[in-house]
Amino acid sequence: MTPWEMLAVLAAGISAGVVNTVVGSGSLITFPVLLATGMPPVTAAVSNTLGLIPGSISGAIGYRAELGGQGRRILKMSVGSLFGGLAGAMLLLALPATWFERIVPALVGLALVLVLLQPRISESVRRHRERTSGSPHPDGGPLLLIGLTLASVYGGYFSAAQGIIYMSLMGVLLDETLQRLNAVRNVLVAVVNTVAALFFLFSADFDWTAVVLLAIGSAFGGLIGAKVGRRLSPAVLRLLIVAVGIVAIVRLVHH
């Protein structure tokens, strides 16, 4: 990796840390940058998951005030996220690398659609709350747990936009403010990334240089995102994510 590529990976890590903490989908910034360095897609995906853990953790810590009173709920959800993330990570290595190369353009495309639809999803969640008097179950019930577990399988396999799926599920099935749900989302993403990373650490090929640079950048970016990221324009962030995602799709298709 050249010095310029290292600088690009570090900058991508910082950007992803901010974006992941605020809206999710930071992998749509880091993954294409790793591909641009010439890294194979599966190695890039594994390195990306490992490198973004510090950002997930620092983002969750930054939202600790909003996590108050949600300990039991988070514990239940984290169990499903842990097993789902592990299953997704195992699928990534069990399936042939050629499958991943074929599937990922579609997954990136799905992630971009979710990013673009996020304002409508949030609006639908708001309207749902206005029409109902609250959730019939304080933790969303079995339906939410199953949904979050399946979303975590996706997250363990390919992490882009998993947070948006979490937010849409929790927003409909829980009677909470979006900021408190966003705090839970950060914790669940950290759980999935950590369990997948621990699995990859002993069973997959990854690029240590990329992992270290992403880890430093994402940890710093996560703190920025938790403190000032909410002041950034969501529209600008979405446009950036979509632009980078399109580049990723083009590169993957022509890889």
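The residues of region 57-71 that are open to solvent by less than 10 Å² (accessible area, probe 1.4 Å) and either hydrophobic (A, V, I, L, M, F, W, C) or at pLDDT below 80 (or both), listed by number, are Gly59, Tyr63.
Selection of first residues in region 1-22 that are farther than 13 Å from Val212 by Cα and of second residues that are of a type outside the set (S, T, N, Q) and not in a helix (DSSP H, G or I), restricted to Cβ pairs under 6 Å at least 6 apart or on distinct chains, gives the following pairs, ordered by first then second residue: Ala16/Gly26; Val19/Gly26; Asn20/Gly26. Here Gly147 passes the criteria (1) open to solvent by less than 30 Å² (accessible area, probe 1.4 Å); (2) touching a helix residue (DSSP H, G or I) at 6+ places or on another chain (Cβ under 6 Å); (3) closer than 14 Å to Ser124 by Cα except the one numbered (3). The residues in region 4-54 that are over 17 Å from Val108 (Cβ atoms), in a helix (DSSP H, G or I), open to solvent by 30 Å² or more (accessible area, probe 1.4 Å) and modelled with pLDDT of 90 or more can be counted, and the count is 8. Number of residues in region 55-92 that are part of a helix (DSSP H, G or I), of a type outside the set (D, E, K, R) and in contact with a helix residue (DSSP H, G or I) (Cβ under 6 Å, 6 or more places away or on another chain) equals 22.
Given the options Val113, Val104, name the one that is hydrophobic (A, V, I, L, M, F, W, C), farther than 19 Å from Ala183 by Cα and surrounded by fewer than 20 Cβ atoms within 10 Å (Cβ to Cβ). Result: Val113 is the single residue among Val113, Val104 that is hydrophobic (A, V, I, L, M, F, W, C), farther than 19 Å from Ala183 by Cα and surrounded by fewer than 20 Cβ atoms within 10 Å (Cβ to Cβ).
Among the residues of region 208-234, those that are open to solvent by 50 Å² or more (accessible area, probe 1.4 Å) and either modelled with pLDDT of 70 or more or touching a Pro at 6+ places or on another chain (Cβ under 9 Å) (or both) comprise Trp208, Thr209, Val212, Ile216, Phe220, Leu223, Ile224, Lys227, Pro234.
The values are calculated or read from the model by the stated rules, or taken from the named source; none is laboratory data. Please read these numbers as outputs of a predicted model, since none were measured by experiment. Glycine also receives a Cβ, built like all others from the backbone with ideal geometry; neighbour counts cover every protein chain displayed. Ligands, DNA and RNA are excluded from the accessible area calculation, which covers all protein heavy atoms including side chains. Shrake-Rupley method; radii C 1.70, N 1.55, O 1.52, S 1.80 Å.
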